[in-house]
Amino acid sequence: MILWADQLRFNGRVFVAQRMRTFLLLLAVTIGVASVVMLTSLGEGARRYIDAEFSRLGNRLLIVFPGRNETVGGHPPIYGTAPRDITLADALAMARIPSISEVAPLLPGTANISRGGLSREVLAVGTTQGFFSLRGFEVAVGQELPVRSREDALAVTVLGPRLKNELFGHQHAVGEWVRIGDRRMRVIGVLGDVGESMGMDMDDLAIIPAPTAMQLFNTQAMFRVLLELQEGADELLAQERIRQLVRDRHDGEDNITIVSQDSLLAAFDNILFTLTLAIAAIAAISLLVAGILIMNISLISVSQRRAEIGLLKAIGASGKDVRGLFLGESLILVGVGSLCGVVFAYGVVFALRALWPAFPLMPPVWAAPAAVATAVVSGLLFSWLPAKKAAALDPVLAMKGIAE
Amino acid sequence: MALIELRDLNKTYLMGDERVRALRGLSLDIDGGEYISIMGPSGSGKSTLLNMLGLLDRPDSGTYQLAGTATEGLDEEARAALRRDNIGFIFQAFHLVNRLTARENVELPMMLAGISASERRKAAQEMLAMVGLGERMTHRPNQLSGGQLQRVAIARAIVMKPKILLADEPTGNLDQASGRDIVEVIENLNREGITLVVVTHDSNLGQRARRRIRMVDGTVAADEKEG
């Protein structure tokens, strides 16, 4: 039996003697492993991005939609159960449920905003004061929507910072008037920089009281209601209370859908994890290609080294020893190539992260082990045939350079 | 009991469509310490006989006892081990591994036997010194002359202290002077007790052996012993 260290040294001498072949095989394995790790880090990055977005919402969020999931699509219901609107009064009533700490109804719409000669379309969101704390928005100048504006259609607005700059430049905006739709409104505050959140550009937004939005857009129906659970409150119990409340107010029907942030996040997680796996599988094809390359080059190597193999057998190597030498060669190549691939991929990923910090590019923890394992299995599988061929060589013929 | 007992060996090869009977009922006893030459025309089966002796080939029928061990039933692993411990080979074309130094080439059989590096190194240096290459341990095969290469090969063949040294045309690729050197080296080994079997076309070399076997058509045609 050949000692471990001796096998390593013996294989090492082969690699040195066949530098080009060794380099090319290493490169193939490196590229394969690196592509798995790098591509999966895209998927994982997307997942982390979504995670981060959700966690910015606070972590005890419920979102209430009008209409039930089940009534969308499928057979039309026999009884008249068309989704019933959630009104502002419904939303405010939800705020009185003990385990709900904050409520923000949302009624968004586009409206024309103008000041002096400047005019453009803008996203106007009708809501209540709860929106600010619920979304973690800070007012940079002025104040948030007053509590009184929950019931009264006050003509006031809080502007996003970019919108304010476009309308007012560097002048003070708080206390000035703008026109939104057909109404004059007083600017009472300007939001701090929040950037984009959940696909909505918060810098370019006019926040107005919900009753004002109802008049402006001529509707009673809230688009959705955001609710924040109290710390330690039971989420299912709260959902049941919300449904009970809606049943009480809507003649026994609870025509609403409640989505918890956790379930939404779990759904996204699921989708993106599956996507990442799919990407990994595609990238793994390059490992398969590397495996086939190893097989081809090993076959060539076996026929070039016929005489040497014959000699080894003549001086006491069994077929098993010879097979071990050739498999060992592949294993070392794959091992070193994998290591290079992992190091290279992590290097690239961290470099990209530094260049582009907004997107949290990160290889999933399983990517490197999975890629290396795939590479090793593929390497062994594909070098099995050449190694077996080498082990089966007839030493006498092999040394004479005669093909069988 | 003889060191080697061959009984009624038969071997047939298929060369293309033709069946070639390389050995026909060959029987032969070899005692420890003998010096034997095997001569004969091409195709007489002398190389096949050498491969049988070296456990590189298996007979179709017949028995081969090596140092009291019946070899027929042994698997590949056991045959490799038996070969490693009892038989040293030298070849016409030397068969050294070019990427390894002289010393590493000599160490190869010991490496295959799993002997530790320090022990190997000592033994290889001793063997190389014995064949007169003590100064060329770290030379590679491409830096050595033909005679030197065959000396390295001899050192490799005897490093495991085998009982039998099988030489297949050991001087075939060498000039006269180097050839004489090599013959002297292996004959010295024989004098120290190793059993030497030389296969050759060269009748000058063949005549030097104390026992001369002539093969024709896969069997022993003549078996002369000196004295």
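The values are calculated or read from the model by the stated rules, or taken from the named source; none is laboratory data. Since the structure is predicted, the reported quantities are computational estimates derived from the model, not experimental observations. Note that each Cβ is placed from the backbone with ideal geometry, even for glycine, and that neighbours are counted across all protein chains shown.
Which pairs have Cβ atoms under 7 Å, sit 6 or more apart or on different chains, and link a residue in region A:237-266 that is within 15 Å of residue A:224 (Cβ to Cβ) and at pLDDT below 90 to one that is surrounded by fewer than 18 Cβ atoms within 10 Å (Cβ to Cβ) and among the small types (Gly, Ala, Ser)? From residues that are within 15 Å of residue A:224 (Cβ to Cβ) and at pLDDT below 90, the pairs are A:255/A:67; A:257/A:67.
Does residue A:257 meet the test of being surrounded by 20 or more Cβ atoms within 10 Å (Cβ to Cβ) and among the hydroxyl-bearing types (Ser, Thr, Tyr)? Taking the combined requirement at face value, the residue does not satisfy it. Within the bounds of region A:370-378, is there any residue that is among the small types (Gly, Ala, Ser) and more than 18 Å from residue A:285 (Cα to Cα)? No, because not a single residue in region A:370-378 is among the small types (Gly, Ala, Ser) and more than 18 Å from residue A:285 (Cα to Cα). Is there a residue in region B:76-84 that is at pLDDT 90 or above, outside any loop (DSSP other than H, G, I, E, B), buried (at least 17 other Cβ atoms within 10 Å of the Cβ) and more than 10 Å from chain A (Cβ to nearest Cβ)? No, region B:76-84 contains no residue that is at pLDDT 90 or above, outside any loop (DSSP other than H, G, I, E, B), buried (at least 17 other Cβ atoms within 10 Å of the Cβ) and more than 10 Å from chain A (Cβ to nearest Cβ).
Any chance you could count how many residues in region A:300-325 are under 30 Å from residue A:34 (Cα atoms) and at pLDDT 90 or above? Before you say what the answer is, go through the steps one by one.
Kept after step one, since they are under 30 Å from residue A:34 (Cα atoms), are these residues of region A:300-325: A:300-302, A:323-325.
Those still in the list that are at pLDDT 90 or above too: A:323-325.
Looking only at that region, the number is 3.
Residues that are farther than 20 Å from residue A:321 by Cβ and out of contact with any strand residue (DSSP E or B) (no Cβ under 8 Å at 6 or more places or on another chain) were ranked within region B:88-97; the one that is farthest from the other protein chains (Cβ to nearest Cβ) is B:94. If you go through region A:359-404 and keep only what is in a helix (DSSP H, G or I), surrounded by 15 or more Cβ atoms within 10 Å (Cβ to Cβ), more than 14 Å from every other protein chain (Cβ to nearest Cβ) and not aliphatic (A, V, I, L, M), you end up with A:374, A:378, A:379, A:382, A:383, A:384, A:386, A:389. Among the listed residues B:125, B:150, identify the single one that is over 20 Å from the mean Cα position of the chain (by Cα) and in a helix (DSSP H, G or I). Residue meeting the stated conditions: B:125.
Scanning region B:173-204 for residues that are among the hydroxyl-bearing types (Ser, Thr, Tyr) and touching a Phe, Trp or Tyr at 6+ places or on another chain (Cβ under 9 Å) yields a single hit, B:195. Scanning region B:155-177 for residues that are in a helix (DSSP H, G or I) and either within 14 Å of residue B:103 (Cβ to Cβ) or not hydrophobic (A, V, I, L, M, F, W, C) (or both) returns B:155, B:156, B:176. Of note, residue A:213 does not satisfy the criterion of being assigned to a helix (DSSP H, G or I) and within 21 Å of residue A:60 (Cα to Cα).
Candidates are the residues of region A:16-28 that are at the interface with another protein chain (Cβ under 10 Å from one of its Cβ atoms) and in a helix (DSSP H, G or I); the one that is nearest to residue A:283 (Cα to Cα) is A:16.
For region B:124-135, the criterion of being facing another protein chain (nearest Cβ under 9 Å) and closer than 22 Å to residue A:4 by Cα is met by no residue. Within region B:35-54, take every residue that is within 13 Å of another protein chain (Cβ to nearest Cβ) and polar (S, T, N, Q) and give me the one that is farthest from residue B:186 (Cα to Cα). Applying the filter and picking the extreme gives B:48. Of all the numbered requirements in (1) in a strand (DSSP E or B); (2) within 14 Å of another protein chain (Cβ to nearest Cβ); (3) modelled with pLDDT under 90, residue B:19 misses one, and that requirement is (2). Taking region B:128-147 as the range and being out of contact with any Asp or Glu (no Cβ under 8 Å at 6 or more places or on another chain) and assigned to a helix (DSSP H, G or I) as the test, the residues that pass are B:128, B:129, B:130, B:141, B:142, B:143. Close contacts from region A:162-189, counting a first residue that is assigned by TED's automatic domain parsing to the domain that holds residue A:112 and a second that is part of a loop (DSSP other than H, G, I, E, B) and β-branched (Val, Ile, Thr), with Cβ to Cβ under 9 Å and a gap of 6+ residues or different chains, come to A:186/A:174; A:187/A:174; A:188/A:174; A:189/A:174. Restricting attention to region B:37-64, the residues that are over 18 Å from residue B:203 (Cα atoms) and surrounded by fewer than 19 Cβ atoms within 10 Å (Cβ to Cβ) add up to 5. Candidates in region A:216-244 are the residues that are out of contact with any Leu (no Cβ under 8 Å at 6 or more places or on another chain) and in a helix (DSSP H, G or I); of these, the one that is surrounded by the fewest Cβ atoms within 10 Å (Cβ to Cβ) is A:236.
Among the residues in region A:329-336, are any out of contact with any helix residue (DSSP H, G or I) (no Cβ under 9 Å at 6 or more places or on another chain), of a type outside the set (A, V, I, L, M) and in the same structural domain as residue A:281 (by TED's automatic domain parsing)? No, region A:329-336 has no match at all.
Outside any helix (DSSP H, G or I) and within 14 Å of chain B (Cβ to nearest Cβ) - does that describe any residue in region A:287-301? No: zero hits. Any residue in region A:121-134 that is without any contact (Cβ under 8 Å) to a residue 24 or more places away in the chain and part of a strand (DSSP E or B)? Yes, because at least one residue in region A:121-134 is without any contact (Cβ under 8 Å) to a residue 24 or more places away in the chain and part of a strand (DSSP E or B).
Take the residues of region A:337-358 that are in contact (Cβ under 8 Å) with a residue 12 or more places away in the chain and touching a Leu at 6+ places or on another chain (Cβ under 8 Å): which is surrounded by the fewest Cβ atoms within 10 Å (Cβ to Cβ)? So the residue we want is A:340.
Tallying residues that are touching a residue at least 24 places away in the same chain (Cβ under 8 Å) and at the interface with chain A (Cβ under 10 Å from one of its Cβ atoms) within region B:102-119 yields 7.
Of the listed requirements (1) more than 17 Å from residue B:54 (Cβ to Cβ); (2) within 19 Å of the chain's Cα centre (by Cα); (3) surrounded by fewer than 20 Cβ atoms within 10 Å (Cβ to Cβ), residue B:68 misses just one: (2).
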